[in-house]
Amino acid sequence: MHPNLRALISTVLCWAACVGLSACAPAGTLSSGGAAGADGAPPPEDAAPAQRDGAAPGARDGAPPDARAPAADGGPGEPRDARAPQDAAVEPGPEDAEPSPDAEPSPPVDQGPPIGEALVDRLTVAEVAAPGPVQRGDTSWRIWGRGDLGVAPVFTAPQADCTTWVGYTAQGPGGLTAWAVHLDAQDRVRASHALASGLALRGLAVEPDGHVGALLWDDAADAIFMARFTADGDELWRTELVNPDNRPDDFGIGDSRLAYGAGRYGAYYHVHSNTGHEGDTLKWIDAADGTPRTGWAWGCSHSMSSLLRFHPTGEQFLPVCVTDCYPGTSGDFGSTSRGGVYLNHRGPKVLDVDAGCNGSVAGEVGSLAPLGDGWALTVNAHQAPMTPGQRGYTADKNQDVGFVRIGADQRPGPVVWLTQTPGDEADVSVAPWAGPAGEAQAVVGWTEAGRRWLLARVSGDGQILEGPVDVSAQVQWGRRDDPFRTAANGDVIWAWFDRAGSDTLRVGRVRTGGQCP
Ligand SMILES: [Ca+2]
């Protein structure tokens, strides 16, 4: 869908949804989801007041509080078309591409750096010829306003045999193609598989036996599908994921995440309700036959950013979201709105963040990784206490990097702040790292003002052991892309494109020196 058209429809739907309520947010703000309570599931516990204070919060960083430009000015328009039927999905044409002869092979892996070597000296980057130019990213609601994600999501999924799958969406003259690039243990292309034509890749996950799962999105039809493939890229089944009262209409707000574990896939993604609200849904899909089940049809509202990972030891999934309103808010939005980071959409709560119930939120979730028998979660948010209401995020606040341990019982510990800078950090990722004697440490990466990429090594309780070191000259990673994963040999691995339209895929590693099994 054309962005302007989408903005117009979104505005119209918001306007339409607000009719009959006591007041509406102005164009350019989001209507909140309590009233949606969609899909037969109970609404958020504390849901449902109509918006009473629609004052648009101001963009920060130089713009006065009321200076944010409203979104497209939509009047009443035609109602949105019904979703296309399931059989309208574009058939995949798995056209496997041979590895490009132009691809420069990476140097062979040696024994790896010795223990004690600095992070920066452990970094390697492989350049891979991708099968098509990467789609540009959305402009999405980020910190207290919208921000450019730059490049469409890139998914890195290491496999037990030390190979790695990288998924992304290419945008060529003929339209979109969802690609999965299979890399060998030296990060050279083994094969590239076109998973679907005309659809965007919104998640990629792998099974230990070599199967690959993909979350495929049809923007025009507002439809999303889960599909499973063999390691040769042959599609085994495809299932549309449907809720009766909402649909994934765009990713100008929220995220989409896919994870595999214990015989099923979890898909966690933004949905827009038929009454004009913005939430998320969690779906479970049986890996063997594609049977879908709904974890919840309406979660965080609004769901501003989200994560989903599987812990292999405890065999549990953990979904995380940040909301600008529900749960948490009760009462007048103008003076009582509050946001927060939540596990399992209702809680436990990880931390409070300033928020306005109108799209303005002052925190983003970055990555979630298994660490020990529990988890490590990284976010960016403000250290200063949350101020309720729509003017809470004032110019004296800024974004820092937060590190949170979460127990196997899914109880979060305190936020440990890794930065104290006056500027804004973002795009925070984390992966486990084995310290001396197997101590559970973590590698954390973030960006500073969107221009510098930094890495640090921290202890299991978030104390910085090394860095942060500026690694911008060697590596980058995508914006809010949840990039870091753990390769089978323990390396921290991720993939990225430098810019939209690039067909050079880059694969970064922080090498442990571990051997492939
Ligand atoms: Ca900061």
#### Entry: Ranked Arg146, Arg136, criterion: other C-beta atoms within 10 Å, fewest first
Arg136, Arg146
### Query
With the contact rule set at Cα under 8 Å and sequence spacing of 6 or more, what percent relative contact order holds for region 121-510?
15 percent
### Query
With the contact rule set at Cα under 8 Å and sequence spacing of 6 or more, what percent relative contact order holds for region 352-458?
23 percent
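Where a number appears in this text, it was derived from the coordinates with a stated rule and is not lab data. Just so it is clear, the structure is predicted and the values come from calculations on it, not from any experiment. Counting neighbours? That spans all protein chains shown, and the Cβs are built from the backbone with ideal geometry, glycine included.
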